[in-house]
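Below: one structure, written as structure tokens.
The values are calculated or read from the model by the stated rules, or taken from the named source; none is laboratory data. Everything numeric in this text was worked out from a predicted model, so none of it was measured. Don't worry about glycine lacking a Cβ; one is built from the backbone with ideal geometry, like all the others, and counts go over all protein chains shown.
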Amino acid sequence: MSIVSGSQSANAVAEDALSVDSFNAVLRQRAADYAELCRPRIAVMTMISVAVGFTLASPISFQATTLLLALCGIVLLVAASSILNQCLERPTDRLMTRTMQRPIASGRLPVAEAVTVASAITAIGFWMLWTAVNPDTAIATLATLLTYVLGYTVLKTKTSFCTTVGAVPGAMPPVLGWLAAGGHWGYEALALFGVFFVWQFPHFLAIGWIHRKDYEQAGLRMLPSFKDNGLLTGLIAVAYAAAFVPISAMPTQVGMSGDLYLCVALAVSVSYLIYSIRFLMVRTDERARKLLYVSLFCLPLLLVAMVVDFLRLTAMG
């Protein structure tokens with residue numbers, strides 16, 4: 001073999017290796033982009049909430065396989081809703097510092113590809129829920145996706161009522177778990193929905209206040225007013241936090257939990273109210289962040305107390 005031909009072969013091998021490395025890098029970036037699109041933290045919280053609802057509807061026998069299939073199907077639709085949300089919001093995402101580098105807004109992912117992926121995983125998730133869990137769960141999960149994408153997302157540039165609409169799909173995960181275990185629509189499902197629905201308002205209003213400049217710049221109506229120094233935002237947060245005190249006790253009232261949960265619910269909800277009042281009195285980013293942190297501790301504590309008390313009562317017969 002000549003020196004020239006040997007050099008050419010070495011160059012060809014190097015180019016092939018470079019091509020493989022480039023392809024692998026593209027794949028890794030694609031995987032990272034889709035992971036970001038699917039919002040893993042929301043997916044994890046959804047799974048926990050679904051599992052709680054499923055457990056509360058399983059006093060006699062716990063079907064782990066059904067729960068696993070329900071979690072897979074529901075999370076697929078949650079991921080699809082997140083992808084479609086970001087497809088629709090790409091014009092406003094590009095205007096906000098906190099979102100301009102998202103995969104679709106930045107142009108790293110083409111919209112057509114993202115919509116195709118979202119449609120495919122929606123179909124797979126719906127089929128899985130319909131065939132392996134039950135039709136009620138499949139229909140309710142699809143309705144949750146449509147409410148989030150066609151209701152909440154579309155209304156964000158039109159009215160602050162979008163927060164109320166967005167709270168509906170946000171409150172559905174424990175109800176979906178309840179339905180997946182064979183539970184029916186009734187007071188128990190309403191109690192789970194109510195706790196999650198009302199909890200969201202001080203939480204999201206705190207987020208809205210922290211990012212108010214971004215939202216206003218992008219034309220998103222995430223706060224009831226951008227012109228009153230947060231007074232109406234604080235008042236609404238306090239109103240919902242006050243309503244959360246009795247509503248957090250609903251699971252006990254409908255027989256899903258006992259006095260242990262009730263004590264935790266009262267302590268947590270009153271703390272939530274106190275921090276909401278503190279935010280109303282002094283409407284700063286610091287107070288909003290403290291309210292946000294309290295909200296993030298509040299819901300997991302309630303869920304743990306709910307399940308522990310339910311298991312305690314079930315064991316007592």
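Take residue 23 and decide whether it is modelled with pLDDT under 85, in a helix (DSSP H, G or I) and either surrounded by 20 or more Cβ atoms within 10 Å (Cβ to Cβ) or more than 23 Å from the chain's Cα centre (by Cα) (or both). Here the answer is yes, as residue 23 does meet what is asked.
Flag set for residue 12, criterion: out of contact with any Pro (no Cβ under 8 Å at 6 or more places or on another chain), at pLDDT below 95 and of a type in the set (A, V, I, L, M, F, W, C). With the condition kept exactly as written, say whether any residue in region 62-82 is touching a Cys at 6+ places or on another chain (Cβ under 6 Å) and not assigned by TED's automatic domain parsing to the domain that holds residue 302. Taking every residue of region 62-82 in turn, at least one turns out to be touching a Cys at 6+ places or on another chain (Cβ under 6 Å) and not assigned by TED's automatic domain parsing to the domain that holds residue 302. Just one of the listed residues (205, 179) is buried (at least 21 other Cβ atoms within 10 Å of the Cβ) and over 22 Å from residue 79 (Cβ atoms), namely 205.
If I filter region 254-268 for residues that are hydroxyl-bearing (Ser, Thr, Tyr), assigned by TED's automatic domain parsing to the domain that holds residue 210 and surrounded by 17 or more Cβ atoms within 10 Å (Cβ to Cβ), do I get at least one hit? The answer is yes, given that some residue of region 254-268 is hydroxyl-bearing (Ser, Thr, Tyr), assigned by TED's automatic domain parsing to the domain that holds residue 210 and surrounded by 17 or more Cβ atoms within 10 Å (Cβ to Cβ).
Exactly one residue out of 235, 223, 260 is under 29 Å from residue 96 (Cα atoms) and modelled with pLDDT under 95, and it is 223.
Looking across region 137-180, the residues that are closer than 21 Å to residue 127 by Cα and of a type in the set (Val, Ile, Thr) come down to 137, 139, 141, 144, 147, 149, 175. How about region 269-310: which of its residues are free of Cβ contacts under 8 Å to residues at least 60 places away in the same chain, part of a helix (DSSP H, G or I) and aliphatic (A, V, I, L, M)? Once the filter is applied, which keeps residues that are free of Cβ contacts under 8 Å to residues at least 60 places away in the same chain, part of a helix (DSSP H, G or I) and aliphatic (A, V, I, L, M), region 269-310 yields 270, 273, 274, 277, 280, 281, 294, 301, 304, 305, 308. For region 174-257, the helices (runs of 4 or more DSSP H) that sit wholly inside it and include 3 or more residues that are under 25 Å from residue 151 (Cα atoms) are 187-210, 212-218, 231-247. Residue count for region 161-173 satisfying the condition of being in a helix (DSSP H, G or I) and either touching a strand residue (DSSP E or B) at 6+ places or on another chain (Cβ under 9 Å) or among the aliphatic types (A, V, I, L, M) (or both): 3. Of the helices (runs of 4 or more DSSP H) contained entirely in region 86-149, those carrying at least 1 residues that are modelled with pLDDT of 95 or more and surrounded by fewer than 18 Cβ atoms within 10 Å (Cβ to Cβ) fall at 111-128, 135-146.
Comparison of 198, 154, 175, 165 shows that the only residue that is in contact with a helix residue (DSSP H, G or I) (Cβ under 6 Å, 6 or more places away or on another chain), over 22 Å from residue 257 (Cα atoms) and not charged (D, E, K, R) is 165.
Residue 90 falls short on exactly one of the conditions (1) under 20 Å from the mean Cα position of the chain (by Cα); (2) among the charged types (D, E, K, R); (3) over 22 Å from residue 212 (Cα atoms), and that condition is (3).
Here residue 41 qualifies as basic (Lys, Arg), modelled with pLDDT under 90 and within 20 Å of the chain's Cα centre (by Cα).
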